[in-house]
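Nothing in this text is a laboratory measurement; each read-out follows from the coordinates by a stated rule. All values derive from a computational prediction rather than experimental measurement. Ideal geometry is used to build each Cβ from the backbone, glycine not excepted, and the neighbour counts take in all protein chains shown.
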Amino acid sequence: MGHIFSMTERTWSLTQLFDYYELRARVIPAVLVFLPLVLSSISVTYVLSNLVPWATGSGLLALAVTYALSFIVRALGRRVEISLWAKWDGPPSTRFMRWADDFFSPDTKQEYHEAIRSEFGICLKDETEEHRNPSQADKLIMDAFRQVRSFVRIEDGKGVWNAHNAEYGFLRNIFGSRFLWLTLALLGTILCGYLFYITGIGVTVVSVIINGFLALLALLCCSLHTQMIEFIKQVADRYAESTWGSFITIHRRRTK
């Protein structure tokens, strides 16, 4: 019995480590942001040891550290998300369900209200109550959407909403980490450029080129501030729409 539990626990850990959302929304952005650190580690180690195994080992260690640092990328993304929601008048998942918003028709919203009450026992505010106390109405919608996310994760784990969620998480985290990314890429370019200048070793010039390219990408992300926000909003809207859509489709199927 203990052996079975051990195997199950290991499988769960590996599944969580390579979860589709975590990989695309947190790990890949972290690799991009901290890749200059990895390349700089490889270059410095190679210059000091002049041995490929040592340089490779330092690169693998830096990648392992990058996974740990990926939580920083997520935290920066979550922090910028608060300011983005303020610009958008709230998260799209909440905004779409307000009676004052016209993304969904009143009839569609009413159907959602009934489905939410049926599935989770949450009674969302009607139009009059929402107008009287909009903040309380928003809190109820947020509570409902948290339940909806768990619901569709179980009932439709590989639905299109999941891809939209990962896409949104990736863009949000990259945008939130853009200044850290630019700083690391510029420092990595300068460091590896100096190492190439004093040693002429090919590994360092490759690092210079890649770091320089990453610095350009990060600079582009920083300079296109307004456009990035608008693009992230479009992706966030798609995620909210597809998640609500997946929920109501499952509910209709269950209540036929």
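Using Cα springs under 10 Å in a Gaussian network model of the chain, which residue among 30, 68, 215 shows the largest mean-square fluctuation?
Looking only at 30, 68, 215, the biggest GNM fluctuation is shown by 68.
Report, in degrees rounded to the nearest 10, the 0 to 90 angle that the Cα long axis of helix 52-87 makes with the longest principal axis of the chain.
The helix 52-87 is inclined about 30 degrees to the chain.
Using the beta-carbon distance between residue 110 and residue 199 and R0 = 41 Å, what value does 1/(1 + (r/R0)^6) give for FRET efficiency, to the nearest 0.05?
0.05
Measure nothing but the geometry: give the 0 to 90° angle between the long axis through the Cα atoms of 106-120 and the longest principal axis through the Cα atoms of the chain, rounded to 10°.
80 degrees
On C-alpha positions alone, give me the angle between the axis of helix 2-17 and the longest principal axis of the chain, in degrees, nearest 10.
Its long axis makes an angle of about 80 degrees.
Put +1 on the Cβ of every Lys and Arg and -1 on every Asp and Glu Cβ in the chain; which of 124, 211, 92 then has its Cα farthest towards the positive end of the dipole?
Of 124, 211, 92, it is 211.
So which trypsin sites (Lys or Arg not before Pro) in the range 134-216 end up in coil per DSSP with only 13 or fewer other C-beta atoms within 10 Å?
Counting only loop positions with at most 13 other Cβ atoms within 10 Å, the trypsin sites (Lys or Arg not before Pro) in the range 134-216 are 158.
Using r as the Cβ-Cβ distance of residue 160 and residue 129, and R0 as 30 Å, what FRET efficiency do you calculate, to the nearest 0.05?
The computed FRET efficiency comes out at 0.35.
Go ahead and estimate [θ] at 222 nm for the chain from helices alone: -39,500 (n - 2.57) per DSSP H run with n ≥ 4, summed, over the residue count, rounded to 500.
The helix-only estimate for the chain comes to -28500 deg cm²/dmol at 222 nm.
To the nearest 20 debye, what charge dipole does the chain have about its Cα centre, counting +1 at the Cβ of each Lys and Arg and -1 at the Cβ of each Asp and Glu?
Taking the Cα centre of the chain as origin, the dipole is about 440 debye.
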